[in-house]
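The values are calculated or read from the model by the stated rules, or taken from the named source; none is laboratory data. Bear in mind the structure is a predicted one, so any value in this text is a computation, not a measurement. Quick reminder, even Gly has a Cβ in these numbers, built from the backbone with ideal geometry, and neighbours come from all protein chains shown. To get the accessible areas, we keep the full protein, side chains included, count just its heavy atoms, and leave off ligands, DNA and RNA. Shrake-Rupley method; radii C 1.70, N 1.55, O 1.52, S 1.80 Å.
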Amino acid sequence: MSVAFLDLGAATRELRGEIDESLAEVLASGWYIGGPAVTRFEEEWAAYCGAAYCVGVGNGLDALHLSLRALEIGSGDEVIVASNSYIATVLAITMAGATPVLVEPDPATHNLDPRRIEAALTPRTRALLPTHLYGQPADMDALLALAGSHGLRVIDDAAQAHGARYRGRRVGASADITAWSFYPSKNLGALGDAGAITTNDPEFAQRVRVLGNYGSSRRYINEVRGLNSRLDPMQAAILAVKLRHLDRWNDRRKAVAGYYNDRLSGAGLTLPYVPDWADPAWHLYVVQHSDRGGFQSRLAERGIGTLIHYPVPPHLQQAYADMNLARGSLPIAERLADTVLSLPVGPHMSDGEVEQVVQAVLASC
């Protein structure tokens, strides 16, 4: 029996009746752009995150890009971002016209290291853009304190952190703006592309809404140069259904991760490190192995699906060759890229599948 890295169809099969009913309401409503389904989900997601406002957008990259533009960050500005982040964070910064400044992560948590930021600040620094990587919250109190002392904005990338908690508070309401992706593989995933921002600032929320609607708050009146990035009502309806089950699914992810932690301790892997102030969403369960390629191949031979998040850091991508950062310039990001491997941790895994992963890992190390 093989174990897939993630069974994307499992949630749909479980909730098919609820999803069909919710989609039927959208089809009957006549609202196919915006409308009550989008408003309802925006209100529910804001409340879930403990934020005052939510604005749905087309996808996670747009959420990041529009957040930067809403904070008026652009040409001539610098934004601090983790050197091992997924490339979307860097793309969002350059799409806004700003310059990404890559800072190494904490080797233990893999998140942006507040202790390394001071050395990267310049008079052009305008914002910090931490990612809650793998679903583990970044150290937001430290980042917000640093930002406050230097007059910087904070946009956090929570694309992998649906339901995660930092010091008992859900991610999504502490930064100036939080950017979300609802890509199908996320803990809260649509059946296509979808995204959103959450914030406590009504002005920021309105700016994102206007920018994502062609720069318009009134039909045919365009105040700024915007783009077309709106949450589709059918995706909003699906997300609203899934939101009712998110905590239960996250509890299962946490149970799977806990089982791995217990059974794989001492197996020769570097297991995830979780600070005592973090309650991860366990979007990914990421281990490290010195012979990652061989380890992954041995797992594949035993039927275990795995993925690498991420094999090439942004500064070594051809798209950012103009950064002129050669191999060796960001050693922590490069070491992680060479050693990390994500094991299956889906919420619909059976106990038998979890045990099969454990046995395969123990036999493959």
Determine whether region 50-58 contains at least one residue that is part of a helix (DSSP H, G or I) and at pLDDT 95 or above.
no
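Do you know which of the residues in region 244-299 that are acidic (D, E) and free of Cβ contacts under 8 Å to residues at least 40 places away in the same chain is farthest from H132 (Cα to Cα)?
Narrowing region 244-299 to residues acidic (D, E): 247, 251, 262, 276, 279, 291.
This time we only want the ones that are free of Cβ contacts under 8 Å to residues at least 40 places away in the same chain, so: 251, 262, 276, 291.
Numbers: D251: 18, D262: 24, D276: 16, D291: 26 Å.
Checked region 244-299; the qualifying residue farthest from H132 (Cα to Cα) is D291.
Just to check your reading of the model, which residue among A190, A194 is in contact (Cβ under 8 Å) with a residue 12 or more places away in the chain, open to solvent by less than 40 Å² (accessible area, probe 1.4 Å) and farther than 15 Å from H65 by Cα?
On inspection, the qualifying residue turns out to be A190.
Is it true that R252 is touching a Pro at 6+ places or on another chain (Cβ under 9 Å), farther than 30 Å from G97 by Cβ, surrounded by fewer than 21 Cβ atoms within 10 Å (Cβ to Cβ) and charged (D, E, K, R)?
Working: touching a Pro at 6+ places or on another chain (Cβ under 9 Å): yes; farther than 30 Å from G97 by Cβ: yes; surrounded by fewer than 21 Cβ atoms within 10 Å (Cβ to Cβ): yes; charged (D, E, K, R): yes.
Yes: the conditions hold for R252.
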Quick check on my filter: what residues within region 340-365 are free of Cβ contacts under 8 Å to residues at least 12 places away in the same chain and either outside the structural domain of A267 (by the TED database) or not in a helix (DSSP H, G or I) (or both)?
S350
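Would you confirm whether or not region 77-84 contains a residue that is over 25 Å from E203 (Cβ atoms) and open to solvent by 10 Å² or more (accessible area, probe 1.4 Å)? Can you show your working first?
Taking region 77-84 as the starting set, the residues that turn out to be over 25 Å from E203 (Cβ atoms) are 82-84.
When the remaining residues are screened for being open to solvent by 10 Å² or more (accessible area, probe 1.4 Å), the result is 84.
Within region 77-84 (the criterion being over 25 Å from E203 (Cβ atoms) and open to solvent by 10 Å² or more (accessible area, probe 1.4 Å)), the answer is yes, since at least one residue qualifies.
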Residue among L102, L91 that is open to solvent by 20 Å² or more (accessible area, probe 1.4 Å) and in a helix (DSSP H, G or I)
L91
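Anything in region 113-124 that is buried (at least 20 other Cβ atoms within 10 Å of the Cβ), in contact with a Leu (Cβ under 9 Å, 6 or more places away or on another chain) and not aliphatic (A, V, I, L, M)? List them, or say none.
Here is the first cut: in region 113-124, the ones buried (at least 20 other Cβ atoms within 10 Å of the Cβ) are 113-114, 117.
Then keep just the ones that are in contact with a Leu (Cβ under 9 Å, 6 or more places away or on another chain); that gives 114, 117.
Of everything in region 113-124, just one residue is buried (at least 20 other Cβ atoms within 10 Å of the Cβ), in contact with a Leu (Cβ under 9 Å, 6 or more places away or on another chain) and not aliphatic (A, V, I, L, M), namely P114.
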Y134: passes all of (1) more than 23 Å from A326 (Cα to Cα); (2) without any contact (Cβ under 8 Å) to a residue 60 or more places away in the chain; (3) touching a strand residue (DSSP E or B) at 6+ places or on another chain (Cβ under 7 Å); (4) hydroxyl-bearing (S, T, Y) but (2)
When region 317-339 is checked residue by residue, the ones that are open to solvent by less than 20 Å² (accessible area, probe 1.4 Å) and either acidic (D, E) or free of Cβ contacts under 8 Å to residues at least 60 places away in the same chain (or both) are E334
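Return the total of residues in region 3-23 being farther than 24 Å from T306 by Cα and open to solvent by less than 50 Å² (accessible area, probe 1.4 Å). So that I can check it myself, show each step before the final result.
In the first step, residues of region 3-23 are kept if they are farther than 24 Å from T306 by Cα; the result is 15-23.
When the remaining residues are screened for being open to solvent by less than 50 Å² (accessible area, probe 1.4 Å), the result is 15, 19, 22-23.
Going through region 3-23 one residue at a time, the tally reaches 4.
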When region 223-239 is checked residue by residue, the ones that are over 14 Å from G35 (Cα atoms) and surrounded by 14 or more Cβ atoms within 10 Å (Cβ to Cβ) are G226, L227, S229, I238, L239
Within region 264-285, does at least one residue satisfy the condition of being assigned to a strand (DSSP E or B) and not assigned by the TED database to the domain that holds V358?
no
When you look at P107, is it open to solvent by less than 40 Å² (accessible area, probe 1.4 Å) and either part of a loop (DSSP other than H, G, I, E, B) or in contact with an Asp or Glu (Cβ under 9 Å, 6 or more places away or on another chain) (or both), yes or no?
no
